[in-house]
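FYI, it's all coordinate maths here, none of it is from the lab. Just so you know, these numbers come straight off a predicted model, no measurement behind them. When we count neighbours, we look across all protein chains shown, and the Cβ atoms used for this are built from the backbone with ideal geometry, even at glycine.
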Amino acid sequence: MEPSERHPNFVGRVAGAVTNRVIDVVDPNIVLDEVDIDRILARIDPDDLLARVDLNALVDRLDLNAVLDRVDPNALLDRVDANALLDRVDPNMLLARVDPNALLDRVNPNALLDQVDINRLMARVDVDALLAQADIEDLVRRSGVPEIVASSTTHMLGSLIDVVRRQLAGLDTIVHRTIDRLLRREPDVERLGPPELRPATIDDAASGRVAVTGRYAGPFSRLLAAGIDLVIASVVFTLSVAGLNILTSTFFDAQISSDRAGFWGVLSWSVWLFLYCWASFTIAGRTPGMALVGIRVVNTQGHPLGPWAALVRTLVLPLSAMVFGLGLLMALPHPQHRTLHDLAAHTVVVYDWGDRPAELPGPLSAYVSRHAEV
C-alpha cells in the first residue's frame with residue numbers, strides 16, 4: 001500500500017500549505033503587472049458571465065445613495081437624445097393614464113390667472129378676424145335679445161292701450177253717475193254687472209285703482225269700438241275689392257265696380273258687415289274694435305255668447321241705427337247700458353281687458369272709493 005493511500009488527506013494538506021506559502025511570498029502587484037488584462041477579457045464571454053451573476057444579490061450589496069451621489073445629472077441629461085426619447089413615447093397611453101380631475105385639483109386658478117398678462121393677450125387678438133367668424137344673427141338670437149325687445153314692445157304697447165281704456169272707462173263712469181243723478185236712481189250693486197261676473201267687480205285693483213272688469217260697459221267705449229270696427233271693415237273691404245279687380249282684370253279682362261252707392265255696392269257692403277260682425281261675435285264674443293277698446297259681449301248672466309244670440313244681435317244691429325239711432329241712444333238711460341239689439345239677443349257688453357284688470361283712472365278711483373256704490 002502506497003503512503004498516499006494510507007493517508008488520503010496528506011497530499012491535500014501539503015498542497016494547501018505550499019499554496020499558502022506561495023501566496024505569502026508572491027507580490028500581487030508584480031503578478032498583475034505581468035497579466036495581460038485585455039487578453040483575459042477577450043477570452044471571457046459577457047453573456048455567460050452575466051448569466052452567472054446574481055443581479056438581486058448584486059443590487060442588495062450596492063449603496064444606491066452613494067451611487068446617485070456620484071451621478072452628474074447634467075452630464076447624464078446631456079447624453080440623452082430627447083427626440084429619440086419622445087419618439088418612443090405613446091401619447092395615447094400617456095394621456096390614458098392621466099387623471100384630469102386630480103390634475104385640475106392641483107391647479108391654482110388664481111395663481112394661474114395672476115401670471116397671465118391680459119393686455120398682452122388682448123393685443124394679440126384679431127378682433128376683425130374673430131367677428132368675421134362669428135354668426136352675429138345666431139349670437140343675437142341665442143342671447144334672447146329679440147324676445148326681450150318683443151316683450152318690452154308688447155308691454156309698452158299694452159300700457160299705452162290701457163291708458164286709453166282707463167280714460168274711456170272713466171268717461172263711461174262719469175256719464176253713468178250723471179244719468180243716475182238726473183233720473184234720481186240710487187246706486188245699486190245689481191246694476192254693476194251680470195250675476196256671474198259681479199264678484200269680480202267689487203274688488204279694488206292692487207294698484208289702488210278701482211277694478212271694473214265684468215262691469216257693464218258705457219257709451220264712450222262702445223262708440224269708439226264701433227268707429228274702429230267701421231274703419232277696419234272699410235279698409236279690408238276696399239283692399240278686397242282692389243284685389244279682386246286685379247285678379248279679374250288679369251284673367252278675365254273685366255272690372256268690378258267699387259261704387260258703394262250702387263245696388264251691388266250696397267249689397268256687397270252689407271253682406272261684408274254682416275259676416276264681419278257675426279263671425280266676430282260667434283268666434284270671440286267681440287269684434288276687433290271691441291278687443292282694442294277692451295269690451296266683450298256676453299249674455300245677461302255673464303256666459304259666453306252662442307251662435308244664435310250672435311246671429312240675432314247682428315241682424316237687429318242695423319235696426320238700432322235706424323230712426324236717428326234711437327235704438328243705440330237707449331243705452332244711455334238704460335241701467336245696464338243695453339241697446340235695442342242687446343235686448344233682442346238677450347246680451348250685454350262688459351269690460352274685459354284679457355289677462356290685465358280693467359281699471360278706472362287714479363283720481364276717479366279715489367272718488368269712487370269715497371262715494372262707493374259697491
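Assuming R0 = 22 Å, what is the FRET efficiency of H303 and I283, from their Cβ-Cβ distance, to the nearest 0.05?
The value I calculate is 0.90.
Just to be sure I understand the model, the point goes 7 Å from the Cα along the line to the Cβ. What's the resulting L94 to W272 distance in nm?
Modelled inter-label distance: 8.2 nm.
Could you work out how far apart the two model spin labels at R79 and T238 are, taking each label as a point 7 Å from the Cα in the direction of the beta carbon, and quote it in nm?
10.3
How do I228, I23 line up, fewest other C-beta atoms within 10 Å first?
So the residues, fewest neighbours to most, are I23, I228.
If you stretched the chain out fully between N110 and V231, how much longer would it get, using 0.36 nm times the residue separation minus the C-alpha to C-alpha distance? Working shown, then result.
Values: separation 121, 0.36 × 121 = 43.56 nm, distance 6.75 nm.
Using 0.36 nm per residue and subtracting the Cα-Cα distance, I get 36.8 nm.
Just want the answer: with Cβ charges of +1 for Lys and Arg and -1 for Asp and Glu, which residue in V293, P333, T347 is farthest toward the dipole's positive end in the range 163-370?
Of the candidates, P333 comes out farthest on the positive side.
Could you work out how much longer the chain between D54 and E34 gets when fully extended? Use 0.36 nm per residue separation minus the Cα distance between them, nm to one decimal.
That pair, D54 and E34, stretches by 4.1 nm at full extension.
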